[in-house]
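**Student:** Could you have a look at this structure, given as structure tokens, before my questions?
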Amino acid sequence: MERTVLDLWVGLFVAAGIAALLVLALKVGNASTTFNVGETYHVIGEFDNIGGLKVRAPVKSSGVVVGRVDKIQFDNERFRARVVMNIDKRYQFPRDTSASILTSGLLGEQYIGLEAGGDSENLKDGGRFKLTQSAVVLEKLIGQFLYNKAAEGDGKK
């Protein structure tokens, strides 16, 4: 009888572990964050570097999810990444709103952050962000830091 109770507890523990892994996988896969798929409008941002941004990544303003990344394309004429975003119609942004690719969390999830401007006219369907800020690439930052340190060392001799 004692063996059966022990087996039951082990089984419950294993089932709880599997459920926790499933929740973690959904969180990492961005499937647990829901977004109202009601009426939306499309806006476009062009970036020099999108880093690890993916389709369905959140578009946030003040920490609130206001949309999702719909498409990521490469512009052969301007040699930039074109990101098409679906924004919920409930959220209207001025024409001079800026878009930045930001990173959050320990796993480095990338999302687009919107910072509203002060224009009296709002973005319309198919509108473009005039001000964009690309993703910060860690390798470039480290390379610049090392180059600057090496340049400082050469100047002291």
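The values are calculated or read from the model by the stated rules, or taken from the named source; none is laboratory data. Everything numeric here is computed off the predicted structure, so don't read it as measured data. Note that each Cβ is placed from the backbone with ideal geometry, even for glycine, and that neighbours are counted across all protein chains shown. Protein only, heavy atoms only, side chains kept; ligands, DNA and RNA dropped before computing areas. Shrake-Rupley method; radii C 1.70, N 1.55, O 1.52, S 1.80 Å.
**Student:** Are any residues in segment 79-88 in contact with a Gly (Cβ under 7 Å, 6 or more places away or on another chain) and either polar (S, T, N, Q) or open to solvent by 20 Å² or more (accessible area, probe 1.4 Å) (or both), and if so, which ones?
**Tutor:** Correct list: 86 only.
**Student:** On to the next question. Any residue at all in segment 27-43 that's part of a helix (DSSP H, G or I) and open to solvent by 60 Å² or more (accessible area, probe 1.4 Å)?
**Tutor:** So far as segment 27-43 goes, yes, one or more of its residues are part of a helix (DSSP H, G or I) and open to solvent by 60 Å² or more (accessible area, probe 1.4 Å).
**Student:** Can you confirm whether segment 113-120 contains a residue that is within 25 Å of residue 25 (Cα to Cα) and in contact with a helix residue (DSSP H, G or I) (Cβ under 9 Å, 6 or more places away or on another chain)?
**Tutor:** Looking through segment 113-120, none of the residues is within 25 Å of residue 25 (Cα to Cα) and in contact with a helix residue (DSSP H, G or I) (Cβ under 9 Å, 6 or more places away or on another chain).
**Student:** Please tell me if residue 4 is at pLDDT below 90, touching a strand residue (DSSP E or B) at 6+ places or on another chain (Cβ under 8 Å) and not basic (Lys, Arg).
**Tutor:** Against the criterion (at pLDDT below 90, touching a strand residue (DSSP E or B) at 6+ places or on another chain (Cβ under 8 Å) and not basic (Lys, Arg)), residue 4 does not qualify.
**Student:** For residue 52, only one of the following conditions fails: (1) modelled with pLDDT of 90 or more; (2) exposed (fewer than 13 other Cβ atoms within 10 Å of the Cβ); (3) under 17 Å from residue 133 (Cα atoms). What is its number?
**Tutor:** Tallying (1) modelled with pLDDT of 90 or more; (2) exposed (fewer than 13 other Cβ atoms within 10 Å of the Cβ); (3) under 17 Å from residue 133 (Cα atoms), residue 52 fails exactly one: (1).
**Student:** Taking into account only those residues within segment 90-108 that are out of contact with any helix residue (DSSP H, G or I) (no Cβ under 7 Å at 6 or more places or on another chain) and loosely packed, with under 12 Cβ neighbours inside 10 Å, which is modelled with the lowest pLDDT?
**Tutor:** My answer is 106.
**Student:** For segment 109-133, what are the residues that are aliphatic (A, V, I, L, M), modelled with pLDDT of 90 or more and open to solvent by 40 Å² or more (accessible area, probe 1.4 Å)?
**Tutor:** Passing the criteria: only 116.
Residue-wise test of (1) without any contact (Cβ under 8 Å) to a residue 60 or more places away in the chain; (2) among the charged types (D, E, K, R); (3) assigned to a strand (DSSP E or B); (4) touching a His at 6+ places or on another chain (Cβ under 6 Å).
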{"residue": "60", "(1), (2), (3), (4)": "yes, yes, yes, no"}
{"residue": "71", "(1), (2), (3), (4)": "yes, yes, yes, no"}
{"residue": "96", "(1), (2), (3), (4)": "yes, yes, no, no"}
{"residue": "100", "(1), (2), (3), (4)": "yes, no, yes, no"}
{"residue": "120", "(1), (2), (3), (4)": "yes, no, no, no"}
{"residue": "142", "(1), (2), (3), (4)": "yes, no, no, no"}
{"residue": "145", "(1), (2), (3), (4)": "yes, no, no, no"}
{"residue": "152", "(1), (2), (3), (4)": "yes, yes, no, no"}
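**Student:** With respect to residue 65, is the statement that it is assigned to a loop (DSSP other than H, G, I, E, B), out of contact with any Cys (no Cβ under 9 Å at 6 or more places or on another chain) and of a type in the set (A, V, I, L, M, F, W, C) true?
**Tutor:** no
**Student:** Which condition number does residue 81 fail, the rest of (1) assigned to a strand (DSSP E or B); (2) in contact (Cβ under 8 Å) with a residue 40 or more places away in the chain being met?
**Tutor:** Against the list (1) assigned to a strand (DSSP E or B); (2) in contact (Cβ under 8 Å) with a residue 40 or more places away in the chain, residue 81 comes up short only on (2).
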